[in-house]
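None of the figures in this text is laboratory data; all of them are computed from the coordinates on show. All of these numbers come straight from a predicted model, not from anything done at the bench. No Cβ is skipped: glycine too gets one built from the backbone with ideal geometry, and neighbour counts run over all protein chains shown.
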Amino acid sequence: MKPPRLAAWSGPRNISTAMMRAWENRGDCAVVDEPLYAHYLAQTGLDHPGREQVIAAGDTDWRRVAAWLTGPIPGGKAIWYQKHMTHHLLAHIDRRWLAELTHVFLIRDPREVLLSYTKSRPRVTAEDIGVLQQREIFGYLRELRGETPPVIDAGEFLQAPEAHLRALCAALGVAFTPRMLQWPAGPRPSDGVWAPHWYEAVLRSTGFEPYRMRARRVPDEYQDIVEAVMPAFEEMFAQRLRPG
């Protein structure tokens with residue numbers, strides 16, 4: 001069995017960075033933070049916080065990024081956790097290299113995502129929150145592999161992190177370790193250069209935040225986005241991992 005290169009596909013404002021912390025804290029796992037971000041910004045021209053820094057720090061050639069992600073695991077580690085934003089996998093990027101990776105999907109109710117996302121970027125489109133792209137990638141991989149990749153719902157995960165992590169590790173054929181549940185607070189070299197703009201809560205964290213019910217009443221100006229993406233979210237939610 002090949003060492004797992006675990007591609008975790010999420011939209012923004014999810015538990016993706018905390019999950020990256022959990023895997024990195026195992027001790028046997030290398031991590032990489034949004035390796036396609038520089039290409040995404042260079043191609044789209046979008047004005048994200050720290051845009052020029054992100055492009056300068058990353059690789060804008062998706063082919064080189066794909067070759068790296070499917071190559072040797074850094075540092076001789078046994079596992080490589082690759083944190084991806086689904087909208088960074090632009091339509092022109094060839095998907096065939098994804099066959100070399102193991103995949104997991106992190107989903108969150110789009111209404112919660114929008115209410116969090118718009119605190120930093122009030123101008124938002126359905127494409128910005130990545131739900132439609134997530135369903136496309138999920139469908140491609142399910143057809144490619146003939147099996148359903150694990151899907152983790154953020155709200156349910158935060159109600160029982162250990163149970164979900166144990167179930168996820170079992171599904172991936174990886175041993176669970178309690179080290180995945182807690183980590184030291186503060187920044188780390190593996191964080192993207194955009195961390196100061198987006199990671200405030202994670203930088204303070206020492207584990208997964210306790211679950212609390214989030215507001216889901218979205219302002220009228222964003223209702224068209226909710227209507228556009230909700231069917232895709234619900235389709236994936238129905239496939240979510242449910243610990244026994």
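Here are the numbers:
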{"quantity": "Under 10 Å, Cβ to Cβ, from A38 - net charge with Lys/Arg +1 and Asp/Glu -1", "calculated": "-2"}
{"quantity": "Mean Cβ count within 10 Å, highest first, over the residues of peptides 92-100, 233-241, 126-134", "calculated": "126-134, 233-241, 92-100"}
{"quantity": "Ranked list, fewest to most other Cβ atoms within 10 Å of each Cβ, for E227, E143", "calculated": "E143, E227"}
{"quantity": "Candidates W23, W68, W80: whichever shows maximal mean-square fluctuation once the chain is modelled as a Gaussian network with Cα springs under 10 Å", "calculated": "W68"}
{"quantity": "M213, M85, M230 arranged by Cβ crowding within 10 Å, fewest neighbours leading", "calculated": "M213, M230, M85"}
{"quantity": "Fraction of beta bridges assigned by DSSP in the chain that are antiparallel (%, nearest 5)", "calculated": "5"}
{"quantity": "The chain: calculated mean residue ellipticity at 222 nm from DSSP helix runs of at least 4, using -39500 (n - 2.57)", "calculated": "-11000 deg cm²/dmol"}
{"quantity": "The range 1-116 shape via C-alpha gyration tensor axes, a/c threshold 1.5", "calculated": "oblate"}
{"quantity": "FRET efficiency for A175 and R123, using Cβ-Cβ distance with R0 set to 41 Å, rounded to 0.05", "calculated": "0.40"}
{"quantity": "Protection-proxy order for peptides 113-119, 167-173, each taking the mean of Cβ atoms within 10 Å per residue, highest first", "calculated": "113-119, 167-173"}
{"quantity": "Fewest-first sequence of L158, L165, L46 by Cβ atoms within 10 Å of each Cβ", "calculated": "L46, L158, L165"}
